[in-house]
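First up is the structure itself, then whatever we jot down about it.
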Amino acid sequence: MLRNGGTALDAVEGAVCTLEDHPSFNAGRGSVFTYEGRNEMDAAIMDGRDRRAGAVAGVVATRNPVRLARAVMERSPHVLLVGHGADAFSREHGLEQAGPDWFALPERRAQLDAMKAAGGSVFDVDMKYGTVGAVARDRRGHVAAATSTGGVTGKRWGRVGDSPIPGAGTWADDRACAVSCTGSGEFFLRVGVAHEIAARIRYASDAAQAAADAVLAEVKALGGTGGVIVVGTDGVPAWSLTTPGMYRARAGAAIAPMVAIFGDEG
């Protein structure tokens with residue numbers, strides 16, 4: 001999309017949709033189960049041109065939650081819709097729906113069963129299957145970010161993490177950068193990770209890499225783990241992680257394409 005002159009917003013939506021449709025990732029079709037045995041999904045998208053944002057939480061019937069987040073941004077006066085209301089909005093605006101059989105993968109069900117059998121009662125603290133996200137800068141210099149997740153295995157009581165919260169798990173601002181996060185959502189919420197990275201770039205003139213490293217160090221000091229992907233308005237990409245690995249990739253007009261898994265790569 002970017003190579004053909006498309007917008008950063010379209011690019012991040014398209015990338016995240018691809019990941020939502022792939023069962024290997026904890027988003028869309030690969031979403032983990034709640035403690036009650038449901039797939040409840042969260043997503044957000046943000047446009048760096050004017051900081052418009054759309055987000056949804058606890059949705060159960062939209063095939064691509066990130067598309068629903070964009071619809072909230074573009075077709076409603078709101079930023080965040082949740083649960084039954086978000087699903088109703090999705091139907092009313094003609095987004096593609098999917099039933100429980102599309103989302104309910106046997107592998108994810110087995111993970112919930114194993115957690116319960118081991119005596120787990122709150123959620124899977126290991127969070128081995130993570131959130132998906134994308135950040136992009138287009139040839140016009142605009143940035144955008146999108147994030148999507150099924151949350152954590154065994155989540156209860158309508159738990160929502162950082163992914164659909166602008167400033168915590170997702171952020172885009174043409175004055176600084178675009179950021180998408182994955183990790184210990186409660187800690188990312190407390191730190192305001194995505195906005196904090198952008199603020200360091202905007203106000204302290206930090207490079208994207210330095211800003212990302214500093215904010216994740218703060219998360220780690222509080223006891224959280226995770227990672228971020230960032231692209232500055234200068235088009236320079238960065239990523240930072242405090243975990244052994246994070247599936248990630250980057251491409252650009254002036255950089256060699258790269259795919260990485262482990263923490264010591266790239």
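Quick notes on this one:
- Each Lys or Arg adds one and each Asp or Glu takes one away; over the other residues whose Cβ falls under 10 Å from the Cβ of T182, this sums to 0.
- The chain - Kirkwood radius from inverse mean 1/r over Cα pairs (Å): 18.0
- Normalised alpha carbon radius of gyration of the stretch 27-118 [divisor 2.2 N^0.38 Å]: 1.17
- Helical segments meeting 18 Å axial Cα length and Kyte-Doolittle 0.5 threshold in the chain (DSSP H): 8-21, 208-222
- Each peptide in 191-199, 68-76 gets a packing score, the mean of other Cβ atoms within 10 Å over its residues, and the list from highest to lowest is 191-199, 68-76.
- Protein-only accessible surface order, largest first, of K116, K155 at 1.4 Å: K116, K155
- J(HN,Hα) series, the stretch 234-248, from Karplus relation 6.51 cos²θ - 1.76 cosθ + 1.60, nearest Hz, glycine and proline x: 7, x, 7, x, 8, 9, 8, 8, 10, 10, x, x, 7, 5, 7
- Per residue accessible area of the chain, 1.4 Å probe, in Å²: 45
- DSSP assigns beta bridges within the stretch 46-176; of those with both partners inside it, close to 75 percent run antiparallel.
- Volume of the Cα convex hull of the stretch 40-196, divided per residue and given in Å³: 115
- Counted charge near R63, where neighbours are those whose Cβ lies closer than 9 Å (Asp, Glu -1; Lys, Arg +1): -1
- Exposure rank, largest accessible area first [F187, F89, F262, F103; 1.4 Å]: F262, F187, F89, F103
- Gaussian network model of the chain, Cα within-10 Å springs - most flexible of A176, A114, A98: A114
- Ordered from largest to smallest accessible area (heavy atoms of protein chains, 1.4 Å probe), the residues R190, R159, R202 come out as R190, R202, R159.
- Highest-fluctuation residue, R137, R63, R49 considered, GNM on the chain with Cα pairs under 10 Å: R49
- Share antiparallel - DSSP beta bridges, the stretch 1-115, percent rounded to 5: 70
- Amide hydrogen neighbours beyond the local backbone of S180, cut-off 5 Å, H modeled: I229
- Coordinate range along principal axes, alpha carbons of the stretch 160-266, Å, largest first: 36, 31, 22
- Relative contact order (%) - criterion: Cα under 8 Å, at least six apart; region: the stretch 171-210: 42
- Antiparallel content of DSSP bridges confined to the chain, in %, to 5: 90
- Shape call, the stretch 53-106: gyration tensor on alpha carbons, a/c limit 1.5: prolate
- Contact order relative to length of the chain, as percent, for alpha carbon pairs under 8 angstrom and 6 or more apart: 18
- Shown in residue order for the stretch 29-41 are the 3J(HN,Hα) couplings computed by the Karplus curve 6.51 cos²θ - 1.76 cosθ + 1.60 at θ = phi - 60°: 5, x, 4, 6, 9, 6, 4, 7, x, 10, 9, 10, 10 Hz (x for Gly and Pro).
The values are calculated or read from the model by the stated rules, or taken from the named source; none is laboratory data. Since we're looking at a predicted model, the values are computed, not measured. Quick reminder, even Gly has a Cβ in these numbers, built from the backbone with ideal geometry, and neighbours come from all protein chains shown. Ligands, DNA and RNA are stripped out before the accessible areas are found, and what is left, the full protein with its side chains, is counted by its heavy atoms. Shrake-Rupley method; radii C 1.70, N 1.55, O 1.52, S 1.80 Å.
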